[in-house]
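The values are calculated or read from the model by the stated rules, or taken from the named source; none is laboratory data. The model shown is predicted, which means the values in this text are computed figures rather than measured ones. Cβ coordinates were reconstructed from backbone atoms using ideal geometry, including for glycine residues, and neighbour counts include every protein chain displayed.
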Amino acid sequence: MLPTGFVCHSCFERSLVSVKPISKQEKLIIPPIASSYSSSLPYLTIHFNFSIIQQFLYIPPNDQESVWVGITWDGSTKPTQIVIHLSDTKLYQRLDRAISEVLMLFKGVFEDQYHTIIECTTHKLQRMMTTGMSEISVDVTLLINHECDGRILVALEEELSTYGMVAASKSSIELLEPMEADEINSNDECLVCLDEIGEETQVLRLPCSHMFHGECITKWLEKSHYCPLCRYEMPTH
């Protein structure tokens with residue numbers, strides 16, 4: 001969830017994978033699935049923890065360093081674990097299936113980072129498995145940086161000033177039609193914030209049929225009664 005009043009102009013994602021052994025003091029109970037393995041064969045228990053960190057940054061219009069606005073953390077997934085033989089030749093497939101099941105809880109948020117997470121996790125686990133450890137914790141964090149570009153905001157303010165615009169009436173804004181999910185093309189851009197429309201955010205349609213993020217167009221119409229795309233005039237009183 002974006003902080004109140006934050007307008008996102010760009011969004012960058014990267015995944016962080018940490019693999020560490022679990023000490024005897026931290027050691028967890030081996031799940032029932034492990035009992036199916038012969039005690040004479042070494043096995044490895046892997047505990048997965050998934051979380052999302054979102055950072056919000058403001059880029060000043062004078063090209064100064066970005067200003068940190070806020071941060072949110074979502075660690076809502078329950079820890080997931082799998083047990084494998086250290087000689088398992090299907091490690092990649094096992095990890096792929098286990099991680100897929102957990103990522104489904106985030107409704108596609110990890111989608112663009114999925115293969116990176118699998119490859120990084122597998123590579124680090126293969127190195128860790130040679131140390132003789134029997135229990136390992138894998139922490140997977142998706143870091144999302146949302147940036148608000150002050151230069152874009154200044155340009156919009158200058159455009160509003162140039163055209164001598166006045167706000168649309170409050171009642172006309174409240175009557176804007178929300179769009180259904182099947183009507184939205186997620187690849188389209190909101191002309192106000194220049195970010196993709198997406199599928200999770202409320203989208204409003206103006207009488208001229210142009211659509212925008214609900215929060216973006218509401219803020220726009222509170223300053224200008226023109227459609228940002230075609231200059232359709234909304235009622236001012």
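Looking at (1) among the β-branched types (Val, Ile, Thr); (2) modelled with pLDDT under 75; (3) in contact with a Phe, Trp or Tyr (Cβ under 9 Å, 6 or more places away or on another chain); (4) not in a loop (DSSP other than H, G, I, E, B), which one does THR72 not meet, given that it meets all the others?
Tallying (1) among the β-branched types (Val, Ile, Thr); (2) modelled with pLDDT under 75; (3) in contact with a Phe, Trp or Tyr (Cβ under 9 Å, 6 or more places away or on another chain); (4) not in a loop (DSSP other than H, G, I, E, B), THR72 fails exactly one: (2).
This table checks each residue for (1) under 26 Å from the mean Cα position of the chain (by Cα); (2) modelled with pLDDT of 80 or more; (3) among the charged types (D, E, K, R); (4) surrounded by 13 or more Cβ atoms within 10 Å (Cβ to Cβ).
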| residue | (1), (2), (3), (4) |
| --- | --- |
| LYS170 | no, yes, yes, no |
| GLU183 | yes, no, yes, no |
| ASP195 | yes, no, yes, yes |
| GLY198 | yes, no, no, yes |
| LEU204 | yes, yes, no, yes |
| SER209 | no, yes, no, no |
| LYS219 | yes, yes, yes, yes |
| HIS225 | no, yes, no, yes |
| CYS230 | no, yes, no, no |
